[in-house]
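Report on the structure given below.
Values in this text are rule-based calculations from the coordinates and carry no lab data. Quick caveat: nothing in here was measured; it's all calculated off a predicted structure. Here Cβ is always computed from backbone atoms with ideal geometry, including for glycine, and neighbour counts include all displayed protein chains.
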Amino acid sequence: MRYGDEVITLCVFTRTWGGPRRCSNTIPRAYTTSGRDPPEMLRHAIAPSVRYTKASNDVIRHPRLNSDAKILLLYVQSLPGDATFKPLGELAQKLGIKGRAYQKAKRQLVEHGYVHEWRSQADGGRWITEQLVANTSLSSEQAAHVRGTPPAPSPVAVSPSRHLPTVGVPAARTAGGYEPVEDHSDKTTPHPPSEPSAAPEPDSPAPTADPTLLARAERVLLSLRHSRRELHLGVKEAATLAVEAVKWLERGLSESDLRQALLAERPREGVRSAVGFLRYRLAQKLPEPRTAHRSYDPTRPRELIECQGPGDAHTFRPLLDETECTPCRLIAANAMYSAPPAPEPDHLPWRERFARINTTPTTALPGEA
């Protein structure tokens, strides 16, 4: 084969028993790119005797079926009879065909008549899906014929069942034996008038907020547009939300605290509705109500008593059970701490200390005399 100025010689190697491989083509043949005498593609095919599946050329060479659809169709045909009681999607997963690839392959098989499906409802109310996979293209009528099930009959109204007759023999109606009752309807007293129902108590009017606080809350809500354009409110919207915002001012918060609570923690996805966002913030972040301060209940002071400390006689008002006033107690404490410490005992040598511990008299050594 010539590509440019190069000539390629095609040889078919053959093997002889007991000798090396040799080229059976002893005469080199050059092929040009003009299309004259093109080289043939070599194929090696051995018909299997076992474990094979007959595949139609219409399926293998189908131009509108992709490789996944063809492989799935041939795989289903190669399965034994006891392995076909599984849905097509589960069989496709074993081949690694999942997701969009399976949906595309199944759609192609359904469009060209290789796969048919029927959905029906069983007696218990469960829905059942039946699938038919064919190696040839079938129409809907042909697939229904292969399925072998007649069309579902139209619902027919069930006639009522026949009732059994009543036990006994019918008899004539007896008359007489009934004494008429005198009619005293004209003499009966009318029913007493019913008691008038109690009128519903009028609902207690909701406490109205201070107009000054309402105006302050509305002013805060309208000022939010200057910090965030997405929190732009109309006059009516601000007046509606001011009823909820005034609760913050009634609980002791300032206008700056209210504005900071409404502008803090901006959501990542932004604000879609300014009214809904502010109403949610006002309700969820409402602080606790302000507790009333306890009024101080002063107790009656104790009587004056005479101090028992040194000095001139004087009185003081005790808190507990003390007998001296505070200045006298301070003088006594300072005098106790300012007193000189007790003298320390004389230093004893270690021999005498050991002697006292052992309760033995000390004896002088010969060298110390």
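Loop only per DSSP, at most 11 neighbouring Cβ atoms within 10 Å: give me the GluC sites (Glu not before Pro) in segment 223-303, ordered by residue number.
E265, E269, E303
How far apart, in nanometres, would the label points at L213 and Y280 be if each is projected 7 angstrom from Cα along the Cα-to-Cβ direction?
2.7 nm
Points 7 angstrom from Cα along the Cβ direction at S254 and R119: gap in nanometres?
6.6 nm
Would you list which lysines come within 16 Å of K54, measuring only between C-alpha atoms, while excluding same-chain residues fewer than 8 positions from it?
Result set, ordered by chain and number: K70.
Going by C-beta contacts inside 10 Å, put D58, D82 in order with the fewest on the left.
Lowest count first: D82, D58.
With each pseudo-label sitting 7 Å past Cα toward Cβ, what's the E40-E130 distance in nm, one decimal?
5.0 nm
Exposure proxy check: D210, D68 ranked by fewest other beta carbons within 10 Å?
Going from least to most buried by this count: D210, D68.
Count neighbours as other Cβ atoms within 10 Å of each site's Cβ, and list the trypsin sites (Lys or Arg not before Pro) in segment 50-105 that are DSSP loop with at most 12 such neighbours. Numbers along the way, then the final one.
Working: sites: R51, K54, R61, R64, K70, K94, K98, R100, K104; in loops: R51, K54, R61, R64, K98.
Those satisfying the criteria are R51, K54, R61, R64, K98.
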